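This report refers to the structure that appears directly beneath it.
The values are calculated or read from the model by the stated rules, or taken from the named source; none is laboratory data. Keep in mind it's a predicted model, so treat the numbers as computed, not measured. For neighbour counting, all protein chains shown are included, and Cβ atoms are generated from backbone atoms with ideal geometry for every residue, glycine included. Calculation scope for accessible area: heavy atoms of the full protein, side chains included, ligands and nucleic acids excluded. Shrake-Rupley method; radii C 1.70, N 1.55, O 1.52, S 1.80 Å.
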Amino acid sequence: MRPPIALTRTSEKKKRLLEAGAVHVIATQEQDMVAEVMRVTNGKGARIAFDPVGGPNFHKLISALADRGIVYIYGALSEGDTQMPVLDMIAKMPAVKGYSVRQIMGDEAGRRDAVEYIVKGLASGALKPVIDRTFKFEDMVEAHRYLESSGQFGKIVVTV
């Protein structure tokens, strides 16, 4: 099994990511992400990547994948287009899959299984949600500003 690798833009969140279970943390604005992934996987590349960003750096994820690796895209935080690096994809033959919570919400059996998985994980301590900060509903503008600053580690909660 390959070690969990976390990506972050700068080293500011490195300690917390290691505490959360990452074995390696790569600061993408400070390090060559592809070279580092290849180094820590002994040249094999990542078997699976989860991408909430997309955008102009997506090609680097493809380059950092193992042959026939999988990328799950579950967000579009980048404002730029996400282009497919066709030549790298031909060489590596990756699977690129989109994910949306609607896949589970629209399927009663899938939703039931997901709820059961989450409830059991929370009860056993296997799932440990991280809440960075809580805001009152009246402070929604401040909550958005905080979220847009990208300084959070974990979820932002707005209470009603």
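Exactly one residue out of Met105, Met89 is of a type outside the set (Lys, Arg) and either open to solvent by less than 50 Å² (accessible area, probe 1.4 Å) or touching a Pro at 6+ places or on another chain (Cβ under 6 Å) (or both), and it is Met89. Of the listed requirements (1) surrounded by 12 or more Cβ atoms within 10 Å (Cβ to Cβ); (2) more than 19 Å from Tyr74 (Cα to Cα); (3) of a type outside the set (Val, Ile, Thr), Pro94 misses just one: (2).
If we scan segment 89-103, do we find a residue that is of a type outside the set (Ser, Thr, Tyr) and on the phi > 0 side of the Ramachandran plot?
First pass over segment 89-103, keeping only residues of a type outside the set (Ser, Thr, Tyr): 89-98, 101-103.
The next check asks that each one be on the phi > 0 side of the Ramachandran plot; those that pass are 93.
Yes, segment 89-103 contains at least one residue that is of a type outside the set (Ser, Thr, Tyr) and on the phi > 0 side of the Ramachandran plot.
Among the residues of segment 126-138, are any surrounded by 12 or more Cβ atoms within 10 Å (Cβ to Cβ), free of Cβ contacts under 8 Å to residues at least 24 places away in the same chain and assigned to a helix (DSSP H, G or I)? Talk me through it step by step, then tell me what you get.
Filtering segment 126-138 down to residues surrounded by 12 or more Cβ atoms within 10 Å (Cβ to Cβ) leaves 127, 132-135.
Narrowing further to those that are free of Cβ contacts under 8 Å to residues at least 24 places away in the same chain: 127.
Retained after the next criterion (residues that are assigned to a helix (DSSP H, G or I)): none.
Among the residues of segment 126-138, not one is surrounded by 12 or more Cβ atoms within 10 Å (Cβ to Cβ), free of Cβ contacts under 8 Å to residues at least 24 places away in the same chain and assigned to a helix (DSSP H, G or I), which makes the answer no.
Here Gln29 meets the list (1) modelled with pLDDT under 95; (2) open to solvent by 50 Å² or more (accessible area, probe 1.4 Å); (3) part of a helix (DSSP H, G or I) almost entirely, failing just condition (3). Scanning segment 62-79 for residues that are open to solvent by 80 Å² or more (accessible area, probe 1.4 Å) and part of a strand (DSSP E or B), we see that the one that is nearest to Asn42 (Cα to Cα) is Asp67. Once segment 32-61 is narrowed to residues that are closer than 18 Å to Thr82 by Cα and assigned to a loop (DSSP other than H, G, I, E, B), the residue that is least open to solvent (accessible area, probe 1.4 Å) is Gly54.
Name the residues in segment 50-103 that are β-branched (Val, Ile, Thr) and under 16 Å from Thr8 (Cα atoms), would you? Spell out how you get there, then give the answer.
From segment 50-103, those β-branched (Val, Ile, Thr) are 53, 62, 70-71, 73, 82, 86, 90, 96, 101; that's our starting set.
Scanning segment 50-103 gives a single hit, Val53.
Scanning segment 26-44 for residues that are without any contact (Cβ under 8 Å) to a residue 24 or more places away in the chain and in contact with a Leu (Cβ under 7 Å, 6 or more places away or on another chain) gives a single hit, Ile26. For Phe153, the conditions (1) aromatic (Phe, Trp, Tyr); (2) within 19 Å of the chain's Cα centre (by Cα); (3) part of a strand (DSSP E or B) all hold with the exception of (3).
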